[in-house]
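Here the structure comes first, spelled out in C-alpha cells, and everything after it is commentary.
The values are calculated or read from the model by the stated rules, or taken from the named source; none is laboratory data. Worth saying up front: this structure is predicted, and the values here are computed from it rather than measured. As a convention, Cβ positions derive from the backbone with ideal geometry for all residues, glycine included, and neighbour counts pool all protein chains shown.
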Amino acid sequence: MTVDHLTLEVRNLSLFIQSEGVDKTIFEEVSFNFSASSLLAIVGESGGGKSLLCKSLLRLTPGNARLSGSAVLSGLPTPIDLISCSESEMESIRGRRIGMIFQEPASSMNPVMTCGKQIFDALPKNVRSDKLLARRRIAELLEFVGFKEPNRIARSYPHELSGGMLQKVATVLAIAGEPLILIADEPSTALDAINRFELMELFQRLRKEFGMSILWVTHELRSALTYADELLVLYDGNMMESGKAAEIAEHPKHPYTKALMDVEKSFREPDGPRPIPEEILPAENRSAGCVFAGRCEFAKPICRIERPKWESGENRHGWRCHFPLK
Ligand code: SF4
C-alpha cells in the first residue's frame, strides 16, 4: 500500500526510564520529519539510544519507561499520534502501518512454527481469508527478498536457516502486513558483506516498488551516507546533527559526525582503526554542558558548562554545537 503524502512528524520526543526512584534520560528532544518513500538513517555508536528511539515509535519500551513529545503519522484518513494514541489504536499500527525488523532476526520468530506459517499470520486479514492467495503471496514475498526456492523456505523452521536467510525471513515478516513504514534496527549487524549489500539493495526496491518509507538504525555511517536520503546523528541520547545525507557527507557540521567519518576512514588505512578517544566526565559536568565534550578535539571551556542549542542552517540541516565545523 502506498500513501504518497505520508509523513511522520516527530517532535521533542524524550524517553526516561525510572530506576531507584529517579528518571534516567535515554534520549531527549529528538525531532525529525519523515516522508513517503524516503530512507532516514539514525546513526551513532552503541548505547546512544537509537534502538529505543525506534521502539518508542511503536511503544515497545520497558514498563518503567516514560515517553514525552509527539510522533504524528499523517496521510491516513485521520492523523494519529503514536505516543498518545490508545493501546487498541497502536495494535492496528504495529505490523499493519509500521513493520519492524529487529536486531536479532530469530527474536522476532517462533522457533516451533514453520517460516511459512509465521508469514501467513503476518499477512493482512483479507489475504489470509483466501488460502490460495495467501500461499501465493508468501511465495512472492520470499522470492522478492531473494529466495530461489520459496516453498522450501516456507516449510523450514527458523533453526534450519543460516543467519543471512533468517534476516531475509525477518524482513518478509516485517513487510507481510504491507506497512507504510519499515523500521530496521541494525539489521545488518550479523551479516557478511554480501548479505549486507543485498539487504541494502532490498531496501531500495521496497521504496521503489512498494513506496515504503524506511527508518534504518545503523552504526555504519559510510553505508548510511551512501543509501540514505536523510541522516540523524545521535550521541548519548542527544541529536547532534541531522539533514540531507549528501549535504552532511560533503559538509559535516558536528565534530561527532566528523569523528565517526574519520574512524571509518581509519579502517582502510595501513595503521588500522583509530577509535574516538574516551574520556569519562564527572556526572555534574556532563549534565551541564555538551555531552560530547569529553571526547571532542575542539572542546573549549564553555562546552563543559553550557549545553549547546540546536542551530538550523539551510535545507533543514541542523546541529547542536557551540563551534560547528566550517
Ligand atoms: S559543543 Fe564543544 S564539545 Fe560539543 S561538539 Fe561542539 S565543540 Fe565539541
Within the stretch 245-257, identify whether any single residue is part of a strand (DSSP E or B) and in contact with a Cys (Cβ under 9 Å, 6 or more places away or on another chain), and answer yes or no.
-> no
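This table checks each residue for (1) crowded, with 21+ Cβ neighbours inside 10 Å; (2) in contact with a Lys or Arg (Cβ under 8 Å, 6 or more places away or on another chain); (3) farther than 24 Å from Val30 by Cβ.
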| position | (1), (2), (3) |
| --- | --- |
| Gly163 | no, no, yes |
| Gln167 | yes, no, yes |
| Leu182 | yes, no, no |
| Trp216 | yes, no, no |
| Leu231 | yes, yes, no |
Between a first residue in the stretch 297-318 that is among the small types (Gly, Ala, Ser) and a second residue that is within 11 Å of the ligand (Cβ to nearest atom) and assigned to a strand (DSSP E or B), which pairs have beta carbons less than 8 Å apart while being 6 or more apart in sequence or on different chains?
-> Gly313/Trp319; Gly318/Glu241; Gly318/Glu311
Somewhere in the stretch 1-12, is a residue at pLDDT 90 or above, of a type in the set (A, V, I, L, M, F, W, C) and in a strand (DSSP E or B)?
-> yes
Residue within the stretch 196-211 that is under 24 Å from Gly146 (Cβ atoms), away from the ligand (no atom under 16 Å from the Cβ) and touching a Lys or Arg at 6+ places or on another chain (Cβ under 6 Å) present | no
Can you tell me which of Ser68, Ser31, Ser19 is crowded, with 16+ Cβ neighbours inside 10 Å and out of contact with any helix residue (DSSP H, G or I) (no Cβ under 9 Å at 6 or more places or on another chain)?
-> Ser31
Could you say whether any residue in the stretch 125-145 is part of a loop (DSSP other than H, G, I, E, B), at pLDDT below 95 and surrounded by 21 or more Cβ atoms within 10 Å (Cβ to Cβ)?
-> yes
Looking across the stretch 92-117 at residues that are farther than 23 Å from Leu132 by Cα and in a helix (DSSP H, G or I), the single one that is farthest from the chain's Cα centre (by Cα) is Ser92
Which one is nearest to Ala246 (Cα to Cα), of the residues in the stretch 304-321 that are within 11 Å of the ligand (Cβ to nearest atom), at pLDDT 95 or above and outside any loop (DSSP other than H, G, I, E, B)?
-> Trp319
Spot the failing condition for Leu166; the list is (1) within 14 Å of the chain's Cα centre (by Cα); (2) assigned by TED's automatic domain parsing to the domain that holds Lys125, and only one is missed.
-> (1)
Restrict the check to the stretch 273-289 and report whether at least one residue is modelled with pLDDT of 95 or more, out of contact with any helix residue (DSSP H, G or I) (no Cβ under 6 Å at 6 or more places or on another chain), within 30 Å of Phe16 (Cβ to Cβ) and of a type in the set (A, V, I, L, M).
-> no
